Structure formats: C-alpha cells, structure tokens
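The values are calculated or read from the model by the stated rules, or taken from the named source; none is laboratory data. A quick note: this is a predicted structure, and the numbers were derived from the prediction, not measured. A quick note on method: Cβ atoms are made from the backbone with ideal geometry, for glycine too, and the neighbour counts reach across all protein chains shown. Quick note on the areas: whole protein, heavy atoms, side chains included, nothing else; ligands and nucleic acids left out. Shrake-Rupley method; radii C 1.70, N 1.55, O 1.52, S 1.80 Å.
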Amino acid sequence: MKIHLAQSDTTAALEALRSGEPPLGDLTSDEQSWLVNAISCLNAIYQKRAIGKPGDSPFCIFALDLFYVQFLAPSDAEQLVCEAVSATSIPDVATALTPEREKALQDLGFDSPGVSPNYFQIIEIANFADLGYAARLALHTLRAGYGVANFRLATFDLTIPVSRLSVGGYSITAVTSALWKTSRAARILSAECARWRA
C-alpha cells in the first residue's frame, strides 16, 4: 500500500480516533508539532519498508530524556512493530514506572516485556489513518506511561536502509539516518539503533 502525505490528510489522520481510543485532550503547540513530525517519520519508514530485510528494516525512535517509543516497519508485513522503553532496557526508567503508569501502558495495548526487553505491540496498517493512530499512541505512551509533559526537547531518529551493494561477495547496506533536535537521549538512541540493527 502506497500512502501519499498531504497536509489535509495529516490533520485528518491525527484527529480520527479509533473506537475506544482515549482522546488527546488539549494539545500544546509543541505537542501538535511533535505529532506532525511523528506521523511524517512513521510514513517515511512505512513507505520504505520494502527496501528493508529481516534484521535491517526501517525504524524510528521518538525520545524525551530516558523515555522512548520506537517503531519498526518489517518488509514482509503491512504493520508496525511498536516498543516502549522498560526498566529492563534502561534501569533508571523504573523510578517513573509507577503501577498506575504500567497499567496505562497495558491499557494502551502494550504487552509486558518478555521476548522483547521493552513493552511491545503490533499495529496493523491498512491506511494513512492507522499511521495517525501510531503517532497518537506514541504521544499517549510518553504522556500517560512516563509522565512526559514537555515535548520541546523531543528527538526523532529515523533510520532507513537506502541501498544494498555486493562487493567481493559481501553485502553492504548504506543507511540514511536523521536526528532532529538534540537532547541527552542521544546515547540511548545510539544503543537502541544498534540493538535494532543487530
């Protein structure tokens, strides 16, 4: 499925709540901007998933301080794999994960860490509105799951394999990676990028 991004489509996708989905409430200008950047990143990885392969799929990470939500676009399915950080991945996250916040993550559809070291869920993608849902899910996760209130210092790490070359019998993959804004989450993003590439 090819999804074309237009401003009106973006607005509609971000405003169209799924049945039973909690409303976003009043959004700050930083949160509105964050959602537009998030859906743009999600659309980019989803559109480029066909050039990926198992172990080397496009992904993006949305982070604020120690907290992040990441999405992987597998090449073999019309879905996004979503993970939210757990104390298993970053022990310092445990101080923010109260029982109420862990319940909020479960209410948002996340499975507890197990096979993945993070909270985990799969989002089926049938249309652009589903990418809007994924962006809203990330915002809900950061707000309700981790208590994030200020989205001004958010980072967006987008990693897309762009080509494969064969040199001397070895396959080489060139990767495009962009990091918007900076914060102290850069070291976490580097570790997560390495884990997702492994």
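Considering A144, A129, which residue is of a type in the set (A, V, I, L, M), closer than 15 Å to L105 by Cβ and either more than 13 Å from the chain's Cα centre (by Cα) or surrounded by fewer than 20 Cβ atoms within 10 Å (Cβ to Cβ) (or both)? Among A144, A129, only A144 is of a type in the set (A, V, I, L, M), closer than 15 Å to L105 by Cβ and either more than 13 Å from the chain's Cα centre (by Cα) or surrounded by fewer than 20 Cβ atoms within 10 Å (Cβ to Cβ) (or both). Set side by side, the residues D107, D92 differ, and just one is over 19 Å from L139 (Cβ atoms) and of a type in the set (D, E, K, R), which is D92.
Here D76 passes the criteria (1) touching a Leu at 6+ places or on another chain (Cβ under 8 Å); (2) open to solvent by 30 Å² or more (accessible area, probe 1.4 Å); (3) in a loop (DSSP other than H, G, I, E, B) except the one numbered (1). When segment 38-56 is limited to residues that are touching a Lys or Arg at 6+ places or on another chain (Cβ under 9 Å) and surrounded by fewer than 19 Cβ atoms within 10 Å (Cβ to Cβ), the one that is nearest to A126 (Cα to Cα) turns out to be Q47.
Looking at this structure, is I39 touching a helix residue (DSSP H, G or I) at 6+ places or on another chain (Cβ under 6 Å), among the aliphatic types (A, V, I, L, M) and over 23 Å from R101 (Cβ atoms)? When the stated conditions are applied, I39 passes them.
Here is the figure for segment 57-73: residues that are in contact with an Asp or Glu (Cβ under 7 Å, 6 or more places away or on another chain) and either among the polar types (S, T, N, Q) or surrounded by fewer than 24 Cβ atoms within 10 Å (Cβ to Cβ) (or both) total 2. Tell me whether segment 12-28 contains one or more residues that are at pLDDT 90 or above, assigned to a helix (DSSP H, G or I) and either open to solvent by 30 Å² or more (accessible area, probe 1.4 Å) or not β-branched (V, I, T) (or both). No, there is no match, as no residue in segment 12-28 is at pLDDT 90 or above, assigned to a helix (DSSP H, G or I) and either open to solvent by 30 Å² or more (accessible area, probe 1.4 Å) or not β-branched (V, I, T) (or both). Modelled with pLDDT under 90 and within 17 Å of the chain's Cα centre (by Cα): is that true of D111 in this structure? So D111 fails the test. Screening segment 92-126 for residues that are hydroxyl-bearing (S, T, Y) and under 20 Å from L72 (Cα atoms) and picking the one that is most open to solvent (accessible area, probe 1.4 Å) gives S112.
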